[in-house]
1. Any residue that is over 17 Å from the mean Cα position of the chain (by Cα) and among the hydrophobic types (A, V, I, L, M, F, W, C) - is there at least one of those in the stretch 58-77?
2. Among the candidates Val56, Val29, single out the residue that is out of contact with any Gly (no Cβ under 9 Å at 6 or more places or on another chain) and under 30 Å from Met139 (Cβ atoms).
3. Could you list, in sequence order, all residues of the stretch 82-128 that are outside any helix (DSSP H, G or I), of a type outside the set (Val, Ile, Thr) and under 19 Å from Asp162 (Cα atoms)?
4. Only residues in the stretch 91-109 that are under 16 Å from Asp135 (Cα atoms) and among the small types (Gly, Ala, Ser) count as the first member; pair them with residues that are open to solvent by less than 40 Å² (accessible area, probe 1.4 Å) and at pLDDT 90 or above, Cβ under 6 angstrom, at least 6 apart or cross-chain, and list the lot.
5. Just to be sure before I move on: is Tyr138 closer than 16 Å to Pro62 by Cα, touching a Ser or Thr at 6+ places or on another chain (Cβ under 6 Å) and either open to solvent by 80 Å² or more (accessible area, probe 1.4 Å) or not hydrophobic (A, V, I, L, M, F, W, C) (or both) in the structure I sent?
6. Taking interchain pairs and intrachain pairs at least six residues apart, which have beta carbon atoms under 8 angstrom, with the first residue in the stretch 147-164 and assigned to a strand (DSSP E or B) and the second open to solvent by 50 Å² or more (accessible area, probe 1.4 Å) and among the hydrophobic types (A, V, I, L, M, F, W, C)?
Amino acid sequence: NKHKSGRYIWLETLIKPICDEQGKVISAVMASRDVTERRLAELALQESEERYRQVVQNSPNPMFSANREGILHTWNSACEFIFQCMEKEMLGKNWRTLLAKPEGVASLSEAAEAIFEEEIASAQLSVTYQNSRGDELYMICRLYPLKDTSGKGDFCVFANTDISEQFR
């Protein structure tokens with residue numbers, strides 16, 4: 001809607017019909033309020049969320065996140081490339097299946113648990129993953145919590161740097 005000042009505003013409008021004794025609508029009462037600030041804040045939040053999504057999705061480094069049980073929640077395009085697995089194949093699976101060696105599972109699991117328990121703020125480990133072809137991938141994995149609005153860490157982010165070339 002256009003305000004008398006000439007600027008456009010968002011309105012929230014409620015209309016209540018007024019009926020006669022037979023139930024026929026004879027008029028209506030209408031009330032509107034300016035919700036421009038709220039709507040602009042919602043749009044700004046959507047834009048911010050989209051920028052964050054693009055930062056993660058377009059990172060050249062493989063990044064994924066998982067919940068406390070290890071179930072994958074995010075899987076970026078670099079993960080798709082290096083692990084040779086599409087996002088739709090991986091979401092809902094456990095990140096532990098990506099590791100090539102049992103000791104890697106144990107050390108990364110311990111670090112993730114310490115982050116969830118807030119014993120540490122972040123961790124950095126050398127890990128050996130494997131891609132869908134079984135090739136070993138050597139990476140530095142940085143773990144940190146992804147917190148909700150109350151400050152509780154619901155997810156753990158695994159931000160990886162491929163160092164496989166150093167081992168070839």
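The values are calculated or read from the model by the stated rules, or taken from the named source; none is laboratory data. All values derive from a computational prediction rather than experimental measurement. For neighbour counting, all protein chains shown are included, and Cβ atoms are generated from backbone atoms with ideal geometry for every residue, glycine included. Surface areas here come from the heavy atoms of the whole protein model, side chains and all, with no ligands, DNA or RNA. Shrake-Rupley method; radii C 1.70, N 1.55, O 1.52, S 1.80 Å.
1. no
2. Numbers: Val29 fails: under 30 Å from Met139 (Cβ atoms).
Val56 is the lone residue from the list that is out of contact with any Gly (no Cβ under 9 Å at 6 or more places or on another chain) and under 30 Å from Met139 (Cβ atoms).
3. Just the residues of the stretch 82-128 that are outside any helix (DSSP H, G or I), to begin with: 84-86, 91-94, 99-101, 117-128.
Filter once more, keeping what is of a type outside the set (Val, Ile, Thr): 84-86, 91-94, 99-101, 117-119, 121-126.
Residues satisfying the conditions are Gln84, Cys85, Met86, Leu99, Ala100, Lys101, Ser122, Ala123, Gln124, Leu125, Ser126.
4. Qualifying pairs under 6 Å: Ala100/Thr128; Gly104/Val127; Gly104/Thr128.
5. Details: closer than 16 Å to Pro62 by Cα: yes; touching a Ser or Thr at 6+ places or on another chain (Cβ under 6 Å): yes; either open to solvent by 80 Å² or more (accessible area, probe 1.4 Å) or not hydrophobic (A, V, I, L, M, F, W, C) (or both): yes.
Spelling it out, Tyr138 is indeed closer than 16 Å to Pro62 by Cα, touching a Ser or Thr at 6+ places or on another chain (Cβ under 6 Å) and either open to solvent by 80 Å² or more (accessible area, probe 1.4 Å) or not hydrophobic (A, V, I, L, M, F, W, C) (or both).
6. Gly153/Leu146; Asp154/Leu146; Phe155/Leu146; Cys156/Leu146; Val157/Leu146
Results for (1) out of contact with any helix residue (DSSP H, G or I) (no Cβ under 8 Å at 6 or more places or on another chain); (2) touching a residue at least 60 places away in the same chain (Cβ under 8 Å), shown as yes or no for each residue.
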| residue | (1), (2) |
| --- | --- |
| Lys2 | yes, no |
| Ile9 | no, no |
| Leu14 | yes, no |
| Pro17 | yes, no |
| Ala28 | yes, no |
| Leu45 | yes, no |
| Gln54 | yes, no |
| Arg68 | no, yes |
